Amino acid sequence: MADNQYDILVLGGGSAGYSAALRAVQLGYSVALIEKEKLGGTCLHWGCIPTKAYLHSAELAEGARESEKYGIKASLESIDMAAVREYKNKVVQGKYKGLTGLMKMRKVDVIQGNGKLTGPNTIDVDGTTYTGEHIILATGSFSKTLGIEIGGRVMTSTEALEIDFVPKSAIVLGGGVIGCEFASMWRSFGVDVTVIEGLPHLVANEDPAIVKIAEREFKKRGIKYNLGTFFEKVEQNDDGAKVTLADGKEFEAEIVLVAVGRGPNTEGMGFEDQGIPMDRGFVTPDERLHTGVANIYAIGDIVPGVQLAHRGYQQGRFVAEEIAGLNPVVVPDINVPKVTFTEPEIASVGYSQPKAEEKFGKDNVETFEYNLAGNGKSSILGTGGIIKLVREKDGPIVGFHAIGTRISEQIGEGQLMVNWEAYPEDVAAFVHAHPTQNEAIGEAAMALAGTPLHG
């Protein structure tokens, strides 16, 4: 564009930023996207995609180890982490190449460099000023370390994805999604894993019924965990690392993974200087993601709430359509689907039972748990678990919660039920193909509607 002027400037090229850019050009706007590292951001290069590639390798290792119970005499010789890393890199590079090509094809101008907000409609990129009638802030997040020095045997998920060896033992600080996924993966690779979580439970944001099964399955798999006490310090030497808890208990392992959450990447970006509302580093826009300053919006991990790539995609599209005056529908965080790719997998959307009881009243909530032991496909896969539905009494389904091998693939129907406010009677009337795990959703809905078949 002439004189570096655009209709829309997007600061940050991760999931939120690039989806905003693509939707905006689709709507006829000229767009420049500013990214200091790699297009695709954390999700593509250091988060979702690489970790799920590793988890697939872990699934194959687990399958080989347990193959005999399915009548297959296979053996697991070893884990070649350098080769696993190379496989991961090929997946990431293929997606990166595709995304880069897509941006060129759609005529989004990608500007490489450090961007800083310098005015209500200007961003400075390494000394060059760009002007946009609208600005979208999408600068993403970083791994929090709580003051722990990263290096050597102490690492965040970014460094853990690059190691070329299988550690004999690992301590995972943090029992949330990232920590539990790494613990699950490493255990499948044969690592002696201990999870340290200061809260009373692993994956504490999930429904209590799911948490109970997740903890039980981790224990069955030999994943150790210490709950309810926060760590005090982390030390390391040439031989390993040691974690000391607040109660004096000590744990030692070959490596330590710091997985204590992610913080907003906003420091030094010039946001506060321009009057952008902030809270503990997060940008706090209104429900339509407008910051209250000029034509500036904020999306993705810098906005308080669930830090998920697909939430970022949705917010990116939302803001592009908002700018275009299309009045898009707001999707509240409670209705954003969540998946934890452990073994077994966890999938949820909507209200947990405690949150539903808090919102609607304990006497106005009904639930049903369908045990996957009654599901043919789950028995074939050798998995236990449940599908749990939460409904407002005599009203719609407001929560979907599931745990089991491959159960993440069922989140689609769960999301539709909750977001379209379906009644159990509505879902019970649908035909769920046999034999699939999807049938378990139909069974749970029938039971909640008062017409159980197999349950």
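The values are calculated or read from the model by the stated rules, or taken from the named source; none is laboratory data. Keep in mind that what you see is a predicted model, and the values were worked out from it rather than measured. Using ideal geometry, Cβ is built from the backbone for each residue, glycine included, and neighbour counts are taken over all protein chains shown. The accessibility values were calculated without ligands, DNA or RNA, using every heavy atom of the protein model including side chains. Shrake-Rupley method; radii C 1.70, N 1.55, O 1.52, S 1.80 Å.
Data overview
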quantity: Helical segments meeting 27 Å axial Cα length and Kyte-Doolittle -1.0 threshold in the chain (DSSP H); calculated: 81-105
quantity: Beta bridges by DSSP in region 144-260, antiparallel share as percent, to the nearest 5; calculated: 40
quantity: Long pairs among Lys224/Lys377; Lys219/Lys249; Lys52/Lys144, criterion Cα-Cα beyond 23 Å; calculated: Lys224/Lys377
quantity: Å³ per residue enclosed by the Cα convex hull of region 344-449; calculated: 80
quantity: Carbon and sulfur %, accessible surface of the chain computed with the full protein complex present, 1.4 Å; calculated: 49
quantity: Extension gain, Arg406 back to Leu227 (0.36 nm per residue minus Cα-Cα distance, nm); calculated: 61.8 nm
quantity: Charge dipole of region 37-139 about the Cα centre (unit charges at C-beta), most positive-ward option of Gly94, His45, Ala58; calculated: Gly94
quantity: The chain, relative contact order [Cα under 8 Å, separation at least 6], %; calculated: 15
quantity: Cα gyration tensor, the chain - rounded (a/c under 1.5), prolate or oblate; calculated: oblate
quantity: Given charges at beta-carbon only (K, R positive; D, E negative), |dipole| of the chain in Debye; calculated: 820
quantity: Dimensions in Å of region 131-277 - Rg and Dmax from alpha carbons; calculated: 17.7, 57
quantity: Rounded Å value of the spacing that divides the Cα centres of region 386-413 and region 125-149; calculated: 36
quantity: Net charge dipole size for region 144-260 [Lys, Arg +1 and Asp, Glu -1 on Cβ; Debye, nearest 20]; calculated: 460
quantity: Nearest-10 value in Å² for the accessible area of Arg106, using the 1.4 Å probe; calculated: 90
quantity: Dipole moment magnitude, nearest 20 debye, region 344-449 about Cα centre, only Lys, Arg, Asp, Glu C-beta charged; calculated: 260
quantity: By average C-beta atoms within 10 angstrom, highest first, the peptides 210-220, 233-243; calculated: 210-220, 233-243
quantity: 1.4 Å probe accessible area per residue over region 144-260, in Å²; calculated: 44
quantity: Difference of contour (0.36 nm per residue) and Cα-Cα distance, Lys97 to Asp3; calculated: 30.9 nm
quantity: The chain, helix-only ellipticity at 222 nm - DSSP H runs n ≥ 4, -39,500 (n - 2.57), divided by all residues, nearest 500; calculated: -9500 deg cm²/dmol
quantity: FRET E, pair Lys52, Thr128, Förster distance 30 Å, beta-carbon r, rounded to 0.05; calculated: 0.25
